[in-house]
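Q: Here it is: the structure, laid out below.
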Amino acid sequence: MTRAARAYCLWGHVALALSLGACAGETRTVMPHPELTPGARANLELARVQQIALHDYGVLNPDEFAGVAPDPGRRLIYVGTRGGSLLALSMETGEVAWEQQFPGAISSVPKLAADGELMLLGTDNGDLLAIELETRKTRWSYSTLGTIRNEPLVRGSTVFVVNSRDQVFALDLKTGAWRWQYEQPYPTEFTVHGHAGLSYLEGEGVVTQSPEQAESASGIPVEAVLGESAGAEESEETGGPAEAGSEEPTSAGGAAGGAPASAGGTAAATAGAPATPAAAASGAPASGAGAAPANTSAAGGAPASEAGAAPANASAAGGAAANSLAGNGTGGAPASPPTGTIFTGFSNGKIAAIGAQSGEPMWLANAAPPAGGDFVDADGTPLILTDRGELVVTGQSTGVYGLALADGLQRWFRPLRGAGSVVAGPRGLMIVASALEGVFALEHGGRVRWRQQLNPGFVQTPLVVGDIAFVAHSDDGLLAYDVETGEFLANLNTGSGISGPPVYDAELGRFYTMSNRGMLVVFRTVEDDARGFVRGAVESVPSVR
């Protein structure tokens, strides 16, 4: 049998299996190229389809935004649902090992800590939960005022998380104690669904931006911000560092406090402007080590930051960091956050480089159009290209930017409306999907290698596995493209579309995605010498519900 015939039969089997489990619409596989070429290497074979979430017949177009977290050590996978269920399923059989119910939808990807003992889970209620996997008890929880749908970022003893209200938090991984938070003003205009995740750069590599550097920037506006660099001099505009007794603006859910302006003792400022874009009229910064946490429940604990600044929380006595530890307080000073830089984007179009230790901004850039308006979000999770010293970011109304990692100055720009997160592909290519303009492969410098048009709908961040780019589409299901040529390999339509992120487990060679009607779809894949995949055995597994 020829390769073309094998590929055609494969996707026919996939369509047949999905049609047995689909609950809405007709499952179909669209092969745009009947005479497949050797480039059509998307010969993934279905391993399992099972119903995870209960049907909600009162919702015309339900969306399941959650992703799957594999746990090879326990031979389990974890996945949440819009109904608030968190399920642990056997990798081999799909049987439910355990299930927990939480208030509010779970639309995030669970994150396992490096030791494999703790799972971090964000909810649409704005809670970040730390769950002990052996006991399945919640060790601690931290409440915010926005939904948490992005995967938390764990570095050392610190967990970083961003919510939909444009707030970034640094918490102690062991206790949930607040360390710092940074935020941007939440816009009053219309914004796009979703929010940028967090990217982390180890060690040095980012500098404090001077006003002269910002003024010389072309294209994307860059704002001068004095951050946490050692030995930073006082700005003439600020008149000196902010004092410990300066008035702090209240953060969401927090009371006014008297914390220092920043760990470095300097107030960030621009000419005639407050210390940061989120600062109050008093001139005190609204973010960084001196900002108030959003959590109002307190337990005993450690200072909020390495500078000794206490969070401005009315219920946190004695300068203790606010957190909820299953009702118990913890003592002792947590380890300092790691040295490095956090990058993320905000709903007002700003891109920030934030010091991981202090929470102070190192530089700010602006991906919003000069005229402002609706839908100016910078919702793409920044892509760090260390070999080129670049940060690749997107603006919903503008396009894709290549910025210098060191200072945020623009290096290149590619106009592209509605662009989401950019991901790295093989041989220096970058893949990005836009609900308005399609799927693109970009070369360094922003040159377009290829483009494929998409139907209207919500698209997830592409997943690149080998030489294949997978894109989840809210109406058309899972789309597969050849990364090098852009050839449309196949369309796996689940009958209800896919809104959650596809996930690939490289250790076991498995690929997971969830349909909007709550079906978990699992592929078993094994890479061969031809850069593609060979087929595995198909299992027939009944629904878990």
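Readers should treat all values here as calculations from the given coordinates under stated rules, not as data from a laboratory. Keep in mind that this is a model prediction, so the values were computed, not measured. Positions of Cβ are backbone-derived with ideal geometry, glycine not excepted, and every protein chain shown enters the neighbour counts.
Q: Give the peptides 109-117, 149-157 in descending order of average Cβ contacts within 10 Å, highest first. Please list the in-between numbers first.
A: On the way: 109-117: 16.4, 149-157: 20.0.
My ranking of the peptides, most packed first, is 149-157, 109-117.
Q: Treating only the Cβ atoms of Lys and Arg (+1) and Asp and Glu (-1) as charged, compute the dipole magnitude of region 68-214 about its Cα centre; round to the nearest 20 debye. Spell out each step's value before the answer.
A: On the way: 12 positive and 18 negative charges, 64 e Å.
So the magnitude is around 300 debye.
Q: Something else about it: Can you tell me the equivalent ellipsoid semi-axes for region 132-178? Use √(5λ) from the Cα gyration tensor, largest first, whole Å.
A: Values: eigenvalues 72, 32, 19 Å².
Equivalent ellipsoid semi-axes, largest first: 19, 13, 10 Å.
Q: Here is a follow-up. Once label points are set 7 Å from the Cα along Cα→Cβ at both residue 444 and residue 134, what is their separation, rounded to one decimal in nm?
A: Modelled inter-label distance: 4.6 nm.
Q: Taking the simple approach of a point 7 Å from Cα along Cα-to-Cβ for both residue 74 and residue 99, what is their distance in nm?
A: Placing both labels 7 Å along Cα→Cβ, they lie 1.7 nm apart.
Q: For region 345-434, compute Rh as the Kirkwood radius over C-alpha pairs and then the Stokes-Einstein diffusion coefficient at 4 °C and 1.567 mPa s; write the answer in µm²/s, rounded to an integer. Each step should come with its number before you reach the end.
A: Working: Rh = 13.2 Å.
After rounding, the answer is 98 µm²/s.
Q: Also, I was wondering about something else. Quick one: which of 164-170, 134-140, 352-358 comes out on top by average Cβ neighbours within 10 Å, and what's the full order, highest first?
A: Per-residue Cβ counts within 10 Å, averaged per peptide and sorted highest first, yield 352-358, 164-170, 134-140.
Q: Still on this structure, please answer the following. Using a ≥ b ≥ c from the Cα gyration tensor of region 53-143 (square roots of the eigenvalues), is it rounded, prolate or oblate, where a/c under 1.5 gives rounded and otherwise the larger of a/b and b/c decides, a/b for prolate? All intermediate terms of the calculation are to be shown ahead of the outcome.
A: Details: a/c = 2.11, a/b = 1.27, b/c = 1.65.
Taking the square roots of the gyration eigenvalues as a ≥ b ≥ c, region 53-143 is oblate.
Q: Right, here's the next one. If each of residue 385 and residue 115 carries a label point 7 Å out from its Cα toward its Cβ, how far apart are those two points in nm?
A: Rounded to a tenth, the inter-label distance reads 3.9 nm.
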